[in-house]
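Asker: First the structure, then my questions, so here it is.
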Amino acid sequence: MSDFESIHNYYERAVFEEVLAQAAKRRVEARLLADIACVALNQLPPRYIRHDVDFNFYLTAAERQHNAQLVRDAVSYAFDFVVARTRMRLPRNGPQTATLTRVARRLVARGRAGG
């Protein structure tokens, strides 16, 4: 019998770390961080592995840099997307009324279009 608990998506840990790093620089509610991580992970290709060390051993330095950039870009997009969607859901007549910017509308449209 195989040890299935050791299988995980390579990008999960990197995305979680990047979400926390970017959250320290952005003003975002902590309750949104899991949603941001989910959106970011869905922007990345699945890479299921058993051991991070084994996977990293076979990557070149350029591939590691490329993967790190993919993670940064996916997390950055996810922050913008989730924040824009959250602002759309705020009550329009309450004290927290938010104005949806042109950039936020474009991000939401891009998310619906799948890319």
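The values are calculated or read from the model by the stated rules, or taken from the named source; none is laboratory data. Owing to the predicted nature of the structure, the values given are computational and were not obtained by experimental measurement. Every residue, glycine as well, gets a Cβ built from its backbone with ideal geometry; the counts of neighbours run over all protein chains shown.
Asker: Considering only residues that are over 25 Å from Glu63 (Cβ atoms), among the charged types (D, E, K, R) and part of a helix (DSSP H, G or I), which ones fall in the stretch 1-16? Quick ask: steps written out before the conclusion?
Answerer: Filtering the stretch 1-16 down to residues over 25 Å from Glu63 (Cβ atoms) leaves 1-5.
Those still in the list that are among the charged types (D, E, K, R) too: 3, 5.
Scanning the stretch 1-16 gives a single hit, Glu5.
Asker: For the stretch 17-33, name all the residues that are under 29 Å from Phe57 (Cα atoms) and surrounded by fewer than 17 Cβ atoms within 10 Å (Cβ to Cβ). Even if it seems obvious, please write down each step before you answer.
Answerer: Filtering the stretch 17-33 down to residues under 29 Å from Phe57 (Cα atoms) leaves 17-22.
Those that are under 29 Å from Phe57 (Cα atoms) and surrounded by fewer than 17 Cβ atoms within 10 Å (Cβ to Cβ): Glu17, Leu20, Ala21.
Asker: Continuing with this model, one more query. Would it be correct to say that Asp80 is over 17 Å from the mean Cα position of the chain (by Cα) and among the acidic types (Asp, Glu)? Outline the logic, then answer.
Answerer: Numbers: over 17 Å from the mean Cα position of the chain (by Cα): no; among the acidic types (Asp, Glu): yes.
Taking the combined requirement at face value, the residue does not satisfy it.
Asker: Now a separate question. Please enumerate the residues belonging to the stretch 1-28 that are at pLDDT 90 or above and of a type in the set (D, E, K, R).
Answerer: Of everything in the stretch 1-28, those that are at pLDDT 90 or above and of a type in the set (D, E, K, R) turn out to be Glu12, Arg13, Glu17, Glu18, Lys25, Arg26.
Asker: Would you mind telling me which numbered condition in (1) more than 15 Å from the chain's Cα centre (by Cα); (2) under 23 Å from Arg110 (Cα atoms) Asp52 fails?
Answerer: Asp52 satisfies all of (1) more than 15 Å from the chain's Cα centre (by Cα); (2) under 23 Å from Arg110 (Cα atoms) except (2).
Asker: Here is a follow-up. Could you grab me the full set of residues in the stretch 39-73 that are closer than 12 Å to Glu12 by Cβ, part of a helix (DSSP H, G or I) and in contact (Cβ under 8 Å) with a residue 40 or more places away in the chain?
Answerer: Across the stretch 39-73, the qualifying residues are Asp52, Val71.
Asker: Right, here's the next one. In the stretch 60-87, which residues are surrounded by 19 or more Cβ atoms within 10 Å (Cβ to Cβ), within 14 Å of Cys38 (Cα to Cα) and of a type in the set (Gly, Ala, Ser)?
Answerer: Ala74, Ala78
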